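Where a number appears in this text, it was derived from the coordinates with a stated rule and is not lab data. Note that the structure is a prediction, hence the values are computed from the model and not measured. So basically every Cβ, Gly included, is an ideal-geometry build from the backbone, and we count neighbours across all protein chains shown.
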Amino acid sequence: MCGIIGYIGEKEAVPILVEGLKRMEYRGYDSAGLAVIEKEGLICEKTVGKITDLEVLLGKRRFSSTMGIAHTRWATHGEPSDFNAHPHIDCKGEIAVVHNGIIENYMALRELLERKGHQFRTETDTEVLAHLIEEYYQGDLTEATRMALTQVEGTYGIAVLCLHNPGQIVAARKGSPLVIGKGQGEHIVASDVAALIRYTNQVVYLEDGELAVITKDDFTISTTEKVKVPPKFQEISWSLDMIEKSGFPHFMLKEIFEQPTTLRNAVRGRLNEEEGTARLNGLRLYYDDLPHIKRIIFTACGTSWHAALAGEYMIEDLAHIPVEVEYASEFRYRGPLIDEGTVVFVISQSGETADTLAAMREAKRKGATTLGICNVVGSTIARETDAGVYIHAGPEIGVASTKAFTSQLMVLALIALMLGRMRDLSAEQGREMVEAINRIPDQVEAILSREKEIKKIASTFAQSNNFLYLGRSYNFPVALEGALKLKEISYVHAEGYPAAEMKHGPIALIDENMPVVVIAIRDSLYDKVLNNIEEVKARKGMVIAIATEGDRRIKGMVDHIFYVPKTLEFLTPLLTVIPLQLLAYHIAVLRGCHVDQPRNLAKSVTVE
Ligand code: G6P
């Protein structure tokens, strides 16, 4: 949410800043801007709209500055507009600030600064930072920023520059991620590694309460209380081609098609065929404790929450451990009960979602062991949980999560299998599961090769304005996820329901104009789902069924059908969700929607 980049080095800064913003555009895309120091002074250019609009604004103008800061925005305070776009500057136009996060006491600070004569030009919370730094500035930008931050309540990732300190960028973090990349005679600070992997793979993540002074050749980190912090370098394994579209029209489609590979990556080296179990190195320090877990709480947001729900079914089924699934935003505030023997799993693709982060900290504060399931290596949740498992899905750029979801499901299946085998699941059962897991990537590949069938269904329903998604047991979370995908990228109203729950309300919505997507695979509840289909058909609803290969019985009952290969019940979500991702994608494309940057959404929600 909001992308920040700062560059200082020997090259022209503007093209690097604009390219960095493009790499982070999925974090926010309602306005963009940059500030550089030129001979004539501090130049700040900003506009409502996308990065391409900023490029139009910059036109053919030549900039020579070798340092600058830039921002792509997801509005919180103040509507998207040229004025409200970042950077924000002080009264004299000498200090520029870009900010991700929320300054909670900005009203009080603004009143105070206005009384002192500061002139405000925008409706944003961020502008107070520029004026506050100006207020404290006496020639030392670092000190002025540090002093300003002592007055601020809320969250921030910021980058600041000042006309009178042309050799440095000051950056600071509290609650919103920032990473510094070390290049040859240059440094880049950004809210996301995607912005800097073109230049370097050597990075240092700032921790909360840290402030960095970055120059061309060096950088120093200290706490806001002035205690020096030695930099901890990490190597990023992501490569440039991983964050490019590679011939696909959208990142989302590329990521859908990457799933056979990302699923192979999620299981690589983690299965023991002979023992019929999984081994997750990230959890090895807890191996002795895991068989004695009394209760598991999963906490997450959005798509990750849907994965958690499927994880609940998997773990209760395979390992017989009671599981609860909590929205992170609820968990953090409702005084959750955590007793000895409770383990809290925190699931997050980005590892930076503000609510999930807060839920994790609340669980820690209450004494729980916290285990992470994350995609982004080095992310805050990955660093702050006691231990965890990476899903290895690679960078996910499309705002609607796809490959991260299936990799989360896969890791959850591995955890369920491992816990099951540590308890009462037999080796024989385990071996059957390992075999089935190993087949999943090829089965996903086979589904993807039939994309055309889904495209055809999508064209039939592209103009429908309401959809219902139904599923039971393991495929109830898939129904929720299918509906979410459609809502997110095509702005079509869609609801996911447990199939049987339909008759307690949603059935009132069904008529001949209502497409109902039913996941009706050959599992233990197959007959029950067929009954639910009959109920829909009796009310003239249009049924699109996701069924098991070879199922002839269902054919005559539904209007459209898409077959998925057979697998074990606990693995079915990994297959049934693929056609639903494709359905949402193609409907969105047919409706002319901006698939990778859907309106109002952001990839990584780093504000509460
Ligand atoms: C945002 C994204 C969703 C995502 C959710 C949780 O709302 O738009 O796609 O599922 O955040 O993100 P996380 O990174 O914690 O999995």
Open item on the list: How large is the translational diffusion coefficient of the stretch 309-433 in µm² per second when you combine the Kirkwood radius over alpha carbon pairs with Stokes-Einstein at 25 °C and 0.890 mPa s?
Closed with: 162
Task: Surface/4 of the Cα convex hull for the stretch 1-142, nm² - done: 8.3
TODO: Please work out the Cα convex hull volume for the stretch 417-532 and give it in Å³ per residue.
DONE: 144
Task: Dipole axis of the chain (+1 Lys, Arg; -1 Asp, Glu on Cβ), positive-most option in Q138, L17, V543 - done: V543
Task: Candidate lysines for bridging to K226, where Cα separation is under 26 Å - those fewer than 8 sequence places away on the same chain excluded - done: K174, K182, K216
Task: Rounded to the nearest 20 debye, dipole of the chain from Cβ charges on Lys, Arg, Asp, Glu - done: 940
TODO: Report the normalised scattering of the chain as log10 I(q)/I(0) at q = 0.07, 0.08 Å⁻¹, calculated by the Debye formula with identical scatterers on the alpha carbons.
DONE: -0.45, -0.59
- [ ] Grab the other residues whose beta carbon is less than 12 angstrom from that of H86, score K and R as +1, D and E as -1, and report the net.
- [x] -3
Open item on the list: Name the residue from A319, Q349, H306 whose Cα lies farthest towards the positive end of the charge dipole of the stretch 259-365, charges +1 on Cβ of Lys and Arg and -1 on Cβ of Asp and Glu.
Closed with: Q349
Task: Protection-proxy order for peptides 273-280, 330-337, 471-478, each taking the mean of Cβ atoms within 10 Å per residue, highest first - done: 471-478, 273-280, 330-337
Task: More than 20 angstrom apart: percent of Cα pairs within the stretch 68-189 - done: 37
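In units of 2.2 N^0.38 Å, what is the alpha-carbon radius of gyration of the stretch 4-49?
Against the empirical 2.2 N^0.38 Å value, I get 1.19 for the stretch 4-49.
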Task: MRE, 222 nm, helices only [DSSP H, n ≥ 4, -39500 (n - 2.57), over the chain, to nearest 500] - done: -10500 deg cm²/dmol
Open item on the list: Based on C-alpha coordinates, I'd like the Rg and Dmax of the stretch 151-259, in Å.
Closed with: 16.2, 50
Task: Degrees between helix 526-538 axis and first principal axis of the chain (Cα, 0 to 90, nearest 10) - done: 80
Task: Solvent-free Debye scattering, log10 I(q)/I(0), computed from the Cα coordinates of the stretch 494-608 at q = 0.16 Å⁻¹ - done: -0.85
